[in-house]
Amino acid sequence: MSVSVTRLPTGLTVVTDQMPHLQTSSLGVWVGSGSRDEQKNEHGIAHLLEHMAFKGTARRSARQIAEEIEAVGGDLNAATSVESTVFYARVLKADVPLALDILSDILSNPSFAPDELAREQNVILQEIGAAEDTPDDQVFEFLQATAFPDQSVGRSILGTPQSVKSFNGANLRTYLARNYRGPEMVVAAAGAVEHDAVVAAVEKLFGQFNGPEAPMPEPAKFHGGSRVETRDLEQVHIAIAMEGLPMKDPNLYSLQVFTSVLGGGMSSRLFQEAREKRGLCYTISSFHMPYTDTGMFGLYAGTDASDLNELMRVAVDQTATIAADLTEGEVSRAKAQMKAGLLMALESSGARAEQIARQMIAYGRPIPLEEIVAKVEAVTVESARAAGSALIARNRPAIAALGPGTGLESAVAIVESLTRPMVNGSKGKS
């Protein structure tokens, strides 16, 4: 394996994967803090900080940041998630030092100028408005809040217009100082990179990120329940969640296989039964998002209001049935898809940098491809069935529905039948 790791005295980790056939490099700073690390009065500040990092430093204006990276043909971006934030760049091999300098500058010396802050707060208000006008985004916001009510892990990453407008430069600096610390940070690079050169640059540029580990966020607790909102839309958008598994759970790969068989592609049970055989929807899929201490398994579909109840019966029946009759062929296909995804990531420097960075944050080490493949291969029909059965038994579902019609509540009742006690060996149906 070509992955090299160096842990600096500050606690910050540098991890690289040299890909000799490439002439470009993807690199970034991954921080093990996201929206989940916000306090109650900080809703949306992690995302605002991600935006403000590009809005000027003690050495560069916002325009200079953009012009310097684009003058060498590179690009610069960032993203905030529930448990992490990343600032990344893609450049030619010769420009790796410049990219590291800019990345360190925007995190070490942000100016948070009041005029820039006011403009960017307004930009985020537009982003919030756009999300509210996009029902297939909004339904996931509702789902997360229903699954994890009154918890930071369940709050919208974007924040609210009121919370975003309330922040000032001092608030941003407080959040930055509390959460952006060496032990929580990984500088990852893949492609045309030299490990020792990256380490030397990071030691010079990122020295101020030291101190103890950041505070742990509050433990997550999954709750069932529902949120239904009637809107004048063409379709009903419905999302369902059940309590999944955390990143380090030994049954994670079995649940991932179960998820893939249920709704992970065109050959999945849900796609074949709901779309191909019955024509009930255009989009239907399943997913599983593991967090540090919990996880969220879910289904999403968009359908006409007149087809909603039938679609939910199909979803409930297929989820319950697959936990009992999942086949060897389905498991083999799901495992092949997972292995192909791993190998495809090795062909993209950006995907590879993200992969090794997330492994360092979650597991403290890069995971060899052979080790991951072995865990995938170890999944059996029996273990995937068991993972599905345990999923259904673990908790009542969280349900979010958004759209027209008066049948949304009856659809919720159908979904809730999935986790009711079994009677005479079969699930009750609404």
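So for the range 10-29 (the condition being touching a strand residue (DSSP E or B) at 6+ places or on another chain (Cβ under 8 Å), closer than 18 Å to Pro110 by Cα and open to solvent by less than 50 Å² (accessible area, probe 1.4 Å)), does at least one residue qualify?
Yes.
Can we say Ala239 is surrounded by fewer than 19 Cβ atoms within 10 Å (Cβ to Cβ), hydrophobic (A, V, I, L, M, F, W, C) and modelled with pLDDT of 95 or more? Spell out the reasoning first.
Working: surrounded by fewer than 19 Cβ atoms within 10 Å (Cβ to Cβ): no; hydrophobic (A, V, I, L, M, F, W, C): yes; modelled with pLDDT of 95 or more: yes.
The answer is no for Ala239.
Regarding Val202, is this residue open to solvent by less than 20 Å² (accessible area, probe 1.4 Å), at pLDDT 95 or above, outside any loop (DSSP other than H, G, I, E, B) and closer than 30 Å to Pro110 by Cα?
Values: open to solvent by less than 20 Å² (accessible area, probe 1.4 Å): yes; at pLDDT 95 or above: yes; outside any loop (DSSP other than H, G, I, E, B): yes; closer than 30 Å to Pro110 by Cα: yes.
So Val202 fits the description; yes.
Does the range 255-269 hold any residues that are over 12 Å from Ser332 (Cα atoms), of a type outside the set (S, T, N, Q) and either open to solvent by less than 10 Å² (accessible area, probe 1.4 Å) or not in a loop (DSSP other than H, G, I, E, B) (or both), and which are they?
Leu255, Leu262, Gly263, Arg269
Limited to the range 132-149, what total is found for residues that are closer than 22 Å to Glu50 by Cα and outside any helix (DSSP H, G or I)?
0
For every residue, the table says whether it meets (1) more than 20 Å from Ala66 (Cβ to Cβ); (2) part of a helix (DSSP H, G or I); (3) not hydrophobic (A, V, I, L, M, F, W, C).
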| site | (1), (2), (3) |
| --- | --- |
| Ala94 | no, yes, no |
| Leu98 | no, yes, no |
| Glu116 | no, yes, yes |
| Glu120 | no, yes, yes |
| Glu127 | no, yes, yes |
| Ala130 | yes, yes, no |
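Considering only residues of the range 49-92 that are over 30 Å from Phe148 (Cβ atoms) and assigned to a strand (DSSP E or B), which is most open to solvent (accessible area, probe 1.4 Å)?
Out of the qualifying residues, it is Arg90.
Kindly indicate whether Phe148 is among the aromatic types (Phe, Trp, Tyr), out of contact with any strand residue (DSSP E or B) (no Cβ under 6 Å at 6 or more places or on another chain), within 26 Å of Val29 (Cα to Cα) and touching a residue at least 24 places away in the same chain (Cβ under 8 Å).
Numbers: among the aromatic types (Phe, Trp, Tyr): yes; out of contact with any strand residue (DSSP E or B) (no Cβ under 6 Å at 6 or more places or on another chain): yes; within 26 Å of Val29 (Cα to Cα): no; touching a residue at least 24 places away in the same chain (Cβ under 8 Å): yes.
No, not satisfied.
Working carefully through the options Ile367, Ile392, Ile372, find the one that is farther than 29 Å from Gln138 by Cβ, of a type outside the set (Asp, Glu), open to solvent by less than 60 Å² (accessible area, probe 1.4 Å) and not in a loop (DSSP other than H, G, I, E, B).
On inspection, the qualifying residue turns out to be Ile372.
Is the range 40-48 home to any residue that is surrounded by fewer than 21 Cβ atoms within 10 Å (Cβ to Cβ) and modelled with pLDDT of 95 or more? Please lay out each step first, then the result.
Narrowing the range 40-48 to residues surrounded by fewer than 21 Cβ atoms within 10 Å (Cβ to Cβ): 40-41.
If we keep only those that are modelled with pLDDT of 95 or more as well, we get 41.
Yes, the range 40-48 contains a residue that is surrounded by fewer than 21 Cβ atoms within 10 Å (Cβ to Cβ) and modelled with pLDDT of 95 or more.
The values are calculated or read from the model by the stated rules, or taken from the named source; none is laboratory data. Please read all numbers here as calculations on a predicted model, not as lab measurements. Positions of Cβ are backbone-derived with ideal geometry, glycine not excepted, and every protein chain shown enters the neighbour counts. For the accessible areas, the whole protein counts, side chains as well, though only heavy atoms, and no ligand, DNA or RNA atoms are used. Shrake-Rupley method; radii C 1.70, N 1.55, O 1.52, S 1.80 Å.
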